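Worksheet: one structure, shown below.
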Amino acid sequence: MKRAAAIWLSFAVTVGSVSSLLPSRATAGEITPCEPKSEVSREKEENETKAAGFEEIVRVEFVADKGYLEAYYEKGKAPYEDFVYFNCKNQTEEDAVLEISSTNTNVVQVTGQTTQTIASGANDAFQIFYRIVGAGCANLVVKTGGEEYKLKVYGVPRNVELTSVMQTSFQGVTVQWEKIPGCSGYRIERAVAADDLRWFDKRFQTAATVYGDHTTSVTLKTDLNTTYRYRVFGFVEDEERRLEGNTDRYPGNVKTIDFAAKKLKAQLASVTKSGSKSLRVQWKPMAGAIAYKLYRSEWENGGYSCIYTAGSGVTSYEQNVSPGVMYSYKVTAVFPEGESDYSKSISEFIPKKGKQKSKLAKKLGQQYISGQYAGNWASPDKTYYYESGKKLYAVCVQKNGSLGVFRISDSLKIKKIKTIKLKYDVWGGFYAGEDGNFYVAVGYHNYSESKTKTVIKIMQYGGNWKKKNTAEIKGGASNVFEGIYKPFEAGSLRMDMQDNLLYVATARQMFLYSDGKRHQSNISFLIDTKTMQEKKAPHAYISHSFNQFVKFKDGTLYLLNHGDAFPRSLALSVFEDYAPGMDERTSEKIQSLCSFQGSSGDNFTGCKVGGMEIGKDNVLVCGTMQPHERKVKGVSGSGGKLKYNVFLARSNRSSGKTSFQWLTSYHPKNSSVVVGEARMIKLSDDKFAILYSTTQKKKTKLNYIVVNDAGKKAYSKKYSGMTFDGDSQPVLYKGKIVWADTAYEGINRTKTKLYSIPAIY
């Protein structure tokens, strides 16, 4: 008697819904994606359906809610396990053996019985136990006789591990994710990131769809300076349907990455001397660049102009320069879409031969101070230097409080060209800006503790010393604690610029605190030089702060404070990515370059900071200090009559790793040599000059040391008959280091000299 069989699919809900499915782990072996159903298989199913009308049959009926099964697969998680029913009616005269299997064990594995027997004439239900072990699709198969009856099962990738989003071209970002074997493909979404953006937000749009489980990245075009939120979903697909990792049931499992593409930054490799009057500039190639532009300035932070445009295959340029001038270089890459951002700058300097010079300079008439430090803390400088139109000038605070502006010739002759009359209580500082303007800071006592009284004025003058505008700081200004009672108190004032942003770093005495005291700390201000309006400045709170330094370089702001309590150390604060136009920090790092012995708040620290400069790889800080815990000749400690030595502290700009070294090693107890205050003059990104005097038996010598960016001594020389007491910041001018030094000769008597030495190494 002939025997036939047929499969009937019903839609009774007898298996768990997708929302209850558990994740699973793939087994070893290759996992293949779903294969489309062939025309042959479709014809076979139709014939099997027609055969159901035969009288003697084995009837097999799967019971599934959708006519197929789907379950989530998640790599690294326990496999999802479940079962499905099938009904079987044996209308033959013999017992029938049913064989149960999976067509792709890398996706679906049968975990229960793989054979079942149904007696002749019986009508019974059976269970197929299975687990999902991979992404893709497979069939559960019931085989009886020579016929196979199938139920399709999909292993849907529940979560794709988004690994990175990075900028790889001018306006291109590459999204990367972890491979899920067996996926038919992946769909990438993005939306403009916002705090209220949710997983279900309709602002997410499909950015790309890619096929193949081997594809794990895609590059998308993007807008610059716009933060997008990215996410990726995997899917399995055949000719009947596409099933995707569920976005609306398990939002917590959908990993996102926020990323904003910025203008690519070119990379300057090196600037080196290639001759007695030439420099060679090299930069790194960039994929996709069609040209490069080389920029040069005699200022580090501004005033750059293009001096050379190179083709796509050119990565260096050599040019003649003037010895004795520090040149700063930047490079950009040109793409079809536009020009990249500037690279980081590199400065270089070719020494110029010359002789030491000195000359009496009575006409300067500046207020006399002996070094920066009057005891435990510094005070604002009273003499400054600047270069304009290839000429050297000095700005000196006069004994009557006005400013005297003097022209200094190459032979150190002095000519007064301007007197600027001012009214103030406390002198602050002077800065010659890269914009061609001059900035003068003065202060006013605030004994009434008024929040609205102007306590600091920062006045802007044009290059001809004609007053243009004024920024006014009110008494209620705050840095953690409110108020300015006395501006510039027990500290200094220094300024630096980046584009149109003027940063002012100084100190103040605060308003009366709840403990009945007026405490001292640092305070900073940021001025928009186009409007002379105050903007929000990044602060690094240091208390007490006895000296302040500020430098911009390559879009990063560096602040140095001499603290005696919080912290009791030289504190370097770094504000990265301080881009033009920004008025708040993006990230801050605080480093202790060297700590001081003694109790917190003890004003005596045994340290006098001389300067901070930024090199190619390091931040360098110099000064003089007692040994503390850094022994000199086996002697440690501070206080008493211990002698000072010159030190150099460094901080790596990338890693933040710090180092400390002594540049002199005079015995702290027994030496007869007295070391005066030191100052630092930048010659290039790899060369820094340090000046200080030593006195022994009433004879004073000028000491000139050059160190490189790594802190290694490159040159040293002593000059007799020359002095430096650290009361002004020397300047590099036409290959010479120039400064004024004022010696005290008796009651109301001083003697001022101008000095110059060749900046050689």
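The values are calculated or read from the model by the stated rules, or taken from the named source; none is laboratory data. Bear in mind the structure is a predicted one, so any value in this text is a computation, not a measurement. Cβ placement follows ideal geometry from the backbone for every residue including glycine, while neighbour counts extend to all protein chains displayed.
Can you name the condition, by its number, that Phe660 falls short on among (1) assigned to a strand (DSSP E or B); (2) under 19 Å from Ala759 (Cα atoms)?
The single condition Phe660 does not satisfy is (2).
Listed residues Asn139, Asn104, Asn123; which is over 30 Å from Phe235 (Cα atoms) and touching a residue at least 24 places away in the same chain (Cβ under 8 Å)?
On the way: Asn139 fails: over 30 Å from Phe235 (Cα atoms); Asn104 fails: over 30 Å from Phe235 (Cα atoms).
Only one candidate passes the filter, namely Asn123.
Within the stretch 427-453, track down each residue that is more than 26 Å from Leu392 (Cβ to Cβ) and surrounded by 14 or more Cβ atoms within 10 Å (Cβ to Cβ). I'd like the intermediate steps shown before the answer.
Looking only at the stretch 427-453, we keep the residues that are more than 26 Å from Leu392 (Cβ to Cβ), and these are 443-453.
Scanning the stretch 427-453 gives Gly443, Tyr444, His445, Asn446, Glu449, Ser450, Lys451, Lys453.
Regarding Phe660, is this residue touching a residue at least 40 places away in the same chain (Cβ under 8 Å), in contact with a Cys (Cβ under 6 Å, 6 or more places away or on another chain) and either surrounded by 23 or more Cβ atoms within 10 Å (Cβ to Cβ) or over 30 Å from Lys736 (Cβ atoms) (or both)? Give the derivation first.
Values: touching a residue at least 40 places away in the same chain (Cβ under 8 Å): yes; in contact with a Cys (Cβ under 6 Å, 6 or more places away or on another chain): yes; either surrounded by 23 or more Cβ atoms within 10 Å (Cβ to Cβ) or over 30 Å from Lys736 (Cβ atoms) (or both): yes.
Judged against the criteria, Phe660 is a match.
Just need a number here: residues in the stretch 511-536 that are closer than 17 Å to Ser492 by Cβ and in contact (Cβ under 8 Å) with a residue 40 or more places away in the chain.
Let us first name the residues in the stretch 511-536 that are closer than 17 Å to Ser492 by Cβ, namely 520-525.
If we keep only those that are in contact (Cβ under 8 Å) with a residue 40 or more places away in the chain too, we end up with 521-525.
Qualifying residue count for the region: 5.
Select from the stretch 479-510 the residues that are among the polar types (S, T, N, Q) and at pLDDT below 95 and write down the one among them that is farthest from Gly375 (Cα to Cα). Give the derivation first.
Just the residues of the stretch 479-510 that are among the polar types (S, T, N, Q), to begin with: 479, 492, 498, 500, 506, 509.
Within this subset, residues satisfying the condition of being at pLDDT below 95 are 479, 498, 500.
Details: Asn479: 25, Gln498: 33, Asn500: 36 Å.
For the stretch 479-510, the residue satisfying everything is Asn500.
Only one residue in Ile523, Ile473, Ile484, Ile456 is β-branched (Val, Ile, Thr) and assigned to a loop (DSSP other than H, G, I, E, B), so which one is that? Break it down into steps so the answer makes sense when it comes.
Numbers: Ile523 fails: assigned to a loop (DSSP other than H, G, I, E, B); Ile473 fails: assigned to a loop (DSSP other than H, G, I, E, B); Ile456 fails: assigned to a loop (DSSP other than H, G, I, E, B).
Of the residues listed, the single one that is β-branched (Val, Ile, Thr) and assigned to a loop (DSSP other than H, G, I, E, B) is Ile484.
Step by step: first the residues of the stretch 307-347, then only those that are in contact (Cβ under 8 Å) with a residue 60 or more places away in the chain and among the hydrophobic types (A, V, I, L, M, F, W, C), then the one that is surrounded by the most Cβ atoms within 10 Å (Cβ to Cβ). Which residue is that?
Of everything passing the filter in the stretch 307-347, Val331 is surrounded by the most Cβ atoms within 10 Å (Cβ to Cβ).
Out of all the residues in the stretch 553-561, is one or more hydroxyl-bearing (Ser, Thr, Tyr), modelled with pLDDT of 95 or more, in a strand (DSSP E or B) and touching an Asp or Glu at 6+ places or on another chain (Cβ under 8 Å)?
Restricting attention to the stretch 553-561, the residues satisfying the condition of being hydroxyl-bearing (Ser, Thr, Tyr) are 556, 558.
When the remaining residues are screened for being modelled with pLDDT of 95 or more, the result is 558.
Then keep just the ones that are in a strand (DSSP E or B); that gives 558.
Within this subset, residues satisfying the condition of being touching an Asp or Glu at 6+ places or on another chain (Cβ under 8 Å) are none.
No - not one qualifying residue is present in the stretch 553-561.
Residue by residue through the stretch 67-95, note down the ones that are modelled with pLDDT under 90 and under 22 Å from Arg242 (Cα atoms).
Across the stretch 67-95, the qualifying residues are Glu74, Lys75.
Can you find even one residue in the stretch 223-237 that is buried (at least 17 other Cβ atoms within 10 Å of the Cβ) and outside any strand (DSSP E or B)?
no
Of all residues in the stretch 638-654, which are among the polar types (S, T, N, Q), part of a loop (DSSP other than H, G, I, E, B) and at pLDDT 95 or above? Give the derivation first.
The first filter runs over the stretch 638-654 and keeps only residues among the polar types (S, T, N, Q), leaving 638, 645, 651-652, 654.
So of that shortlist, the ones also part of a loop (DSSP other than H, G, I, E, B) come out as 638, 654.
Residue satisfying the conditions is Ser638 alone.
Just give me the residues in the stretch 679-722 being in a strand (DSSP E or B) and among the small types (Gly, Ala, Ser), in sequence order. Quick ask: steps written out before the conclusion?
First, the residues of the stretch 679-722 that are in a strand (DSSP E or B): 679-684, 687-696, 699-708, 713-720.
Ser684, Ala689, Ser693, Ala714, Ser716, Ser720, listed by residue number.
Does at least one position in the stretch 707-718 carry a residue that is among the aromatic types (Phe, Trp, Tyr) and within 26 Å of Gly598 (Cβ to Cβ)? Talk me through it step by step, then tell me what you get.
Start the filter on the stretch 707-718 by keeping residues that are among the aromatic types (Phe, Trp, Tyr), which leaves 715.
Of the ones still in play, those that are also within 26 Å of Gly598 (Cβ to Cβ) are none.
No: the stretch 707-718 contains no residue that is among the aromatic types (Phe, Trp, Tyr) and within 26 Å of Gly598 (Cβ to Cβ).
Please work out if Tyr329 is within 25 Å of Tyr715 (Cβ to Cβ), part of a strand (DSSP E or B) and aromatic (Phe, Trp, Tyr).
Details: within 25 Å of Tyr715 (Cβ to Cβ): yes; part of a strand (DSSP E or B): yes; aromatic (Phe, Trp, Tyr): yes.
Spelling it out, Tyr329 is indeed within 25 Å of Tyr715 (Cβ to Cβ), part of a strand (DSSP E or B) and aromatic (Phe, Trp, Tyr).
Kindly evaluate Val455 against the criterion of being under 20 Å from Met497 (Cβ atoms), among the β-branched types (Val, Ile, Thr) and not assigned by TED's automatic domain parsing to the domain that holds Trp299. Steps first, answer last, please.
On the way: under 20 Å from Met497 (Cβ atoms): no; among the β-branched types (Val, Ile, Thr): yes; not assigned by TED's automatic domain parsing to the domain that holds Trp299: yes.
So Val455 fails the test.
Check whether at least one residue in the stretch 681-698 is buried (at least 21 other Cβ atoms within 10 Å of the Cβ) and among the β-branched types (Val, Ile, Thr), and report yes or no.
Scanning the stretch 681-698, I find at least one residue that is buried (at least 21 other Cβ atoms within 10 Å of the Cβ) and among the β-branched types (Val, Ile, Thr), so the answer is yes.
Identify the residue in the stretch 116-161 that is of a type outside the set (A, V, I, L, M, F, W, C), surrounded by fewer than 17 Cβ atoms within 10 Å (Cβ to Cβ) and in contact with a Cys (Cβ under 9 Å, 6 or more places away or on another chain) and, among all such residues, is nearest to Asn104 (Cα to Cα).
Asp124
Would you mind finding the one in Asn652, Asn603 that is surrounded by fewer than 21 Cβ atoms within 10 Å (Cβ to Cβ), closer than 22 Å to Arg494 by Cα and among the polar types (S, T, N, Q)? Working first, answer last.
On the way: Asn652 fails: closer than 22 Å to Arg494 by Cα.
Selected residue: Asn603, the only one of Asn652, Asn603 that is surrounded by fewer than 21 Cβ atoms within 10 Å (Cβ to Cβ), closer than 22 Å to Arg494 by Cα and among the polar types (S, T, N, Q).
Filter the stretch 376-416 down to the residues that are under 38 Å from the mean Cα position of the chain (by Cα) and part of a loop (DSSP other than H, G, I, E, B), then identify the one that is surrounded by the fewest Cβ atoms within 10 Å (Cβ to Cβ).
Gly389
Is at least one residue of the stretch 417-426 surrounded by 21 or more Cβ atoms within 10 Å (Cβ to Cβ), hydroxyl-bearing (Ser, Thr, Tyr) and not in a loop (DSSP other than H, G, I, E, B)? Give the derivation first.
Filtering the stretch 417-426 down to residues surrounded by 21 or more Cβ atoms within 10 Å (Cβ to Cβ) leaves none.
No, the stretch 417-426 contains no residue that is surrounded by 21 or more Cβ atoms within 10 Å (Cβ to Cβ), hydroxyl-bearing (Ser, Thr, Tyr) and not in a loop (DSSP other than H, G, I, E, B).
If a residue has to be in contact (Cβ under 8 Å) with a residue 40 or more places away in the chain and either under 11 Å from Ala477 (Cβ atoms) or not charged (D, E, K, R) (or both) to count, how many in the stretch 444-454 make the cut?
Initial filter on the stretch 444-454 (in contact (Cβ under 8 Å) with a residue 40 or more places away in the chain): 444-446, 449.
So of that shortlist, the ones also either under 11 Å from Ala477 (Cβ atoms) or not charged (D, E, K, R) (or both) come out as 444-446.
Residues flagged as in contact (Cβ under 8 Å) with a residue 40 or more places away in the chain and either under 11 Å from Ala477 (Cβ atoms) or not charged (D, E, K, R) (or both) within the stretch 444-454 amount to 3.
Which members of the stretch 348-375 meet the condition of being among the polar types (S, T, N, Q), surrounded by 21 or more Cβ atoms within 10 Å (Cβ to Cβ) and in a strand (DSSP E or B)? Reasoning before the result, please.
Going through the stretch 348-375, the residues among the polar types (S, T, N, Q) turn out to be 356, 358, 366-367, 370, 372.
Keeping just the survivors that are surrounded by 21 or more Cβ atoms within 10 Å (Cβ to Cβ) gives 366, 372.
Listed by number, the list holds a single entry, Gln366.
For the stretch 492-506, which residues satisfy the criterion of being closer than 24 Å to Trp427 by Cβ and either in a loop (DSSP other than H, G, I, E, B) or in contact (Cβ under 8 Å) with a residue 60 or more places away in the chain (or both)? First the steps, then the outcome.
Looking only at the stretch 492-506, we keep the residues that are closer than 24 Å to Trp427 by Cβ, and these are 492-497, 501-506.
Result: Ser492, Leu493, Arg494, Met495, Asp496, Met497, Leu501, Leu502, Val504, Thr506.
Within the stretch 259-279, identify whether any single residue is assigned to a strand (DSSP E or B) and more than 30 Å from Ser347 (Cα to Cα), and answer yes or no.
We begin by selecting, within the stretch 259-279, every residue assigned to a strand (DSSP E or B); these are 259-261, 265, 268-275, 278-279.
Of the ones still in play, those that are also more than 30 Å from Ser347 (Cα to Cα) are 259-260.
Yes.
For Asp195, state whether it is closer than 18 Å to Phe259 by Cβ, among the acidic types (Asp, Glu), touching a strand residue (DSSP E or B) at 6+ places or on another chain (Cβ under 9 Å) and free of Cβ contacts under 8 Å to residues at least 24 places away in the same chain.
no
Anything in the stretch 488-519 that is surrounded by 21 or more Cβ atoms within 10 Å (Cβ to Cβ) and of a type in the set (Ser, Thr, Tyr)? List them, or say none.
Ser492, Tyr503, Thr506
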